[in-house]
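Chemist: Starting off with a structure, shown below.
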Amino acid sequence: MGTGTLPPEDFSSLKMSFMDGNWACIFRRSSRQRRAGTRCWAVEMKMKKLQSLIPGGQRLKPDRLFLRTADYILHLRLQVNLLQALSKIYKP
């Protein structure tokens, strides 16, 4: 048996899945563990998406990311209001 291999009796408890371009062996878990893992994975994916949308978000911890997100939303809202006011002034 080489490094990283399992004895034949352990193969029955494995399933193969293709995630992020890599084959991963995942041990079977209870339905509660799977649901918790799925929720955790979903939250992580949403956090990564939010980090990509907010300038400088990649380096922030979640609590700071939420504060930065709120500030960024307010900043964008201010820009929209300013542009709407300018468009009314310069309307032909």
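Read-outs: derived from the displayed coordinates by stated rules, not from any lab. Remember, it's a predicted structure, so these values are computed and weren't measured experimentally.
Chemist: In sequence order, what are the phi-derived ³J(HN,Hα) couplings for segment 76-90 according to the Karplus relation 6.51 cos²θ - 1.76 cosθ + 1.60 with θ = phi - 60°, rounded to whole Hz, with x for glycine and proline?
Modeler: Once θ is set to phi - 60°, the couplings for segment 76-90 become 5, 4, 4, 4, 4, 4, 5, 5, 5, 5, 5, 5, 5, 5, 9 Hz.
Chemist: Give a residue-ordered list of calculated ³J(HN,Hα) values for segment 52-62 (Karplus: 6.51 cos²θ - 1.76 cosθ + 1.60, θ = phi - 60°; whole Hz; x for Gly, Pro).
Modeler: Each residue's phi maps through the Karplus curve to give 6, 7, 8, x, x, x, 4, 9, 9, 6, x Hz.
Chemist: Follow-up question, since we're still on this one. Subtracting the Cα-Cα distance from 0.36 nm times the residue separation, let me have the gained length for Leu86 to Leu50 in nm, one decimal. Provide the component values of the computation, followed by the final result.
Modeler: Details: separation 36, 0.36 × 36 = 12.96 nm, distance 3.01 nm.
Length difference between fully extended and current span is 10.0 nm.
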